[in-house]
1. Farther than 25 Å from Ile145 by Cα, within 14 Å of the ligand (Cβ to nearest atom), aliphatic (A, V, I, L, M) and surrounded by 17 or more Cβ atoms within 10 Å (Cβ to Cβ): is that true of Leu78 in this structure?
2. Across the range 49-62, what is the number of residues that are near the ligand (Cβ under 6 Å from one of its atoms), of a type outside the set (D, E, K, R) and within 30 Å of Glu115 (Cα to Cα)?
3. Counting only residues that are hydrophobic (A, V, I, L, M, F, W, C) and without any contact (Cβ under 8 Å) to a residue 12 or more places away in the chain, which one in the range 97-140 is nearest to Ala37 (Cα to Cα)?
4. Of the conditions (1) away from the ligand (no atom under 13 Å from the Cβ); (2) on the phi < 0 side of the Ramachandran plot; (3) not aromatic (Phe, Trp, Tyr), Ile46 clears all except one; give me its number.
5. How many of the residues making up the range 81-103 are touching a helix residue (DSSP H, G or I) at 6+ places or on another chain (Cβ under 6 Å) and within 16 Å of the ligand (Cβ to nearest atom)?
6. Are there any pairs with C-beta distances below 6 angstrom linking a residue in the range 249-275 that is in the same structural domain as Ala182 (by TED's automatic domain parsing) and surrounded by 15 or more Cβ atoms within 10 Å (Cβ to Cβ) to a residue that is of a type in the set (A, V, I, L, M) and in a loop (DSSP other than H, G, I, E, B), with the two at least 6 apart or on different chains, and if so which?
7. Could you say whether any residue in the range 113-123 is more than 16 Å from Gly26 (Cα to Cα), under 27 Å from the mean Cα position of the chain (by Cα) and surrounded by 14 or more Cβ atoms within 10 Å (Cβ to Cβ)?
Amino acid sequence: MACAQKLLYTASPNLMPLTLLILGGGAAGFFAAITAAETDANAQVILLEKSRQLLAKVRVSGGGRCNVTHACFDPAVLAQNYPRGGEALRGPFTRFGPRETVAWFESRGVRLKTEPDGRMFPVTDDAQTIVNCLIDSARRAGVEIRTEAGIESVERSESGFEIRLRDGEGVRGDRVQLQQVALNLVLNAMDAMRESGTRDRILVLRAARAGAKTIRVEVRDSGVGINEGDMAKIFQTFYTTKPDGMGIGLAITRSIVDVHGGRLEAHNNPDGGATFSFTLPIGHDGGHDGGHDGP
Ligand SMILES: Cc1cc2nc3c(=O)[nH]c(=O)nc-3n(C[C@H](O)[C@H](O)[C@H](O)COP(=O)(O)OP(=O)(O)OC[C@H]3O[C@@H](n4cnc5c(N)ncnc54)[C@H](O)[C@@H]3O)c2cc1C
């Protein structure tokens, strides 16, 4: 089978930092990603670009020199240059106009010069200066940049958004077995939260890339957590912490993950409860779903 790869991004401020996806690695995407990452240092900002090259249009902009902005510092006057939509642009130009643009680049070591007609270019006369500045700023701010990551669809889900990539990559494996793995972890999490007796029962299911060739699925609960003494034994056959348990669920779960070339792990969350996660290798499969192929 080929489970089409899905990345589920959640925004659960109580449990984990905000995860923000920026779609498109052009000038707008970079500026948004840098601003977001610099505004919230805890946020995980990921920029997804479908092509191999970042900032492709910036490289050729202004005849290869990049006309960054215009030396017109009055938002009302500047807006008059846009007969269609000028009114709508007055607000944005007031909040972040040419003056702020010049300062933004200067604070990053890029000086701009003004030509007689008012156009502003980097003093280097080279668009690569702007490309380097945007990429360096994004990296310094901790933005995770992924190329060849075209987005096929974006759908709203209960806990955030579900993003489907169009690169045809998928996880090869037995669909029923992998469903059992996820279901077993979810049922365990629900049992752990029932045992804890707390009113805040929060279960977070998260799937995301954990590297170029790996996907990680996490099941995080707000339950009783795992006794440190049990941690080393919970995956052993016939070992159970449940009064009516047989001690085979997690052992089977681990062997299924092992057979698929992945790894099952568990840890206690710093703020209570436990997280079970498993990795699976990603491969190109043409995107079809061909039944229970096995790995
Ligand atoms: C020849 C030329 C010269 C120009 N010169 C200037 C200039 O000097 N100054 C100026 O201000 N403007 C110039 N422009 C306009 C310039 O293109 C824009 O200012 C700027 O590049 C727009 O940036 P953007 O991020 O909005 O869009 P884009 O640069 O088009 O970026 C969008 C990005 O999203 C990616 N993408 C699209 N769909 C998906 C998907 N499904 N999944 C993932 N990624 C996706 C694309 O590959 C692209 O990299 C020029 C344009 C051209 C063509």
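The values are calculated or read from the model by the stated rules, or taken from the named source; none is laboratory data. Source: prediction; values computed, not measured. As a convention, Cβ positions derive from the backbone with ideal geometry for all residues, glycine included, and neighbour counts pool all protein chains shown.
1. Yes; evaluated as a whole, the condition is true for this residue.
2. The total comes to 5.
3. This residue is Trp104.
4. So the condition that Ile46 fails would be (1).
5. Summing the residues that are touching a helix residue (DSSP H, G or I) at 6+ places or on another chain (Cβ under 6 Å) and within 16 Å of the ligand (Cβ to nearest atom) in the range 81-103 gives 4.
6. Leu250/Ile234; Asn268/Ile226; Ala274/Ile226
7. No, there is no match, as no residue in the range 113-123 is more than 16 Å from Gly26 (Cα to Cα), under 27 Å from the mean Cα position of the chain (by Cα) and surrounded by 14 or more Cβ atoms within 10 Å (Cβ to Cβ).
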